[in-house]
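Contents: one structure, followed by commentary.
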Amino acid sequence: MGTKFIPVALVALLLVLQGQLWFGRGSVPNVSKLQSSLVEQKRDNQLAALANDRLFAEINDLKEGLEIVEERARAELGMVRSNEIYVQIAK
């Protein structure tokens, strides 16, 4: 009876370990899904960092120079200086 118990116990242990490998918390499919999620998150972080860098550069331009303020006022609000004449050409 003792000689049959050891192989059965080893097979049961092997089945438990295989079950954990394929269906458990650190399973192969779960790790693969987490790795793809990590790659996607890193890509999103890089895009957000680029957007942040652009915004910081624009903030610095707004703080330091009035040229961009004037450019935006002309483009978005139709600003005209006091010594300029605004001419609109209709097609």
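Observations on the structure shown:
- Options E84, E76: the member that is assigned to a helix (DSSP H, G or I) and either of a type in the set (D, E, K, R) or in contact (Cβ under 8 Å) with a residue 12 or more places away in the chain (or both): E76
- In the set (1) within 35 Å of the chain's Cα centre (by Cα); (2) surrounded by 10 or more Cβ atoms within 10 Å (Cβ to Cβ); (3) at pLDDT 80 or above, L66 fails one condition alone, (3).
- Residue match in region 18-35 (condition: out of contact with any Phe, Trp or Tyr (no Cβ under 8 Å at 6 or more places or on another chain), hydrophobic (A, V, I, L, M, F, W, C) and closer than 30 Å to V69 by Cβ): no
- For the condition under 19 Å from the mean Cα position of the chain (by Cα), part of a helix (DSSP H, G or I) and surrounded by 10 or more Cβ atoms within 10 Å (Cβ to Cβ), A48 qualifies.
The values are calculated or read from the model by the stated rules, or taken from the named source; none is laboratory data. Please read these numbers as outputs of a predicted model, since none were measured by experiment. Because the Cβ atoms are built from the backbone with ideal geometry, glycine has one as well, and the counts that use them run over all protein chains shown.
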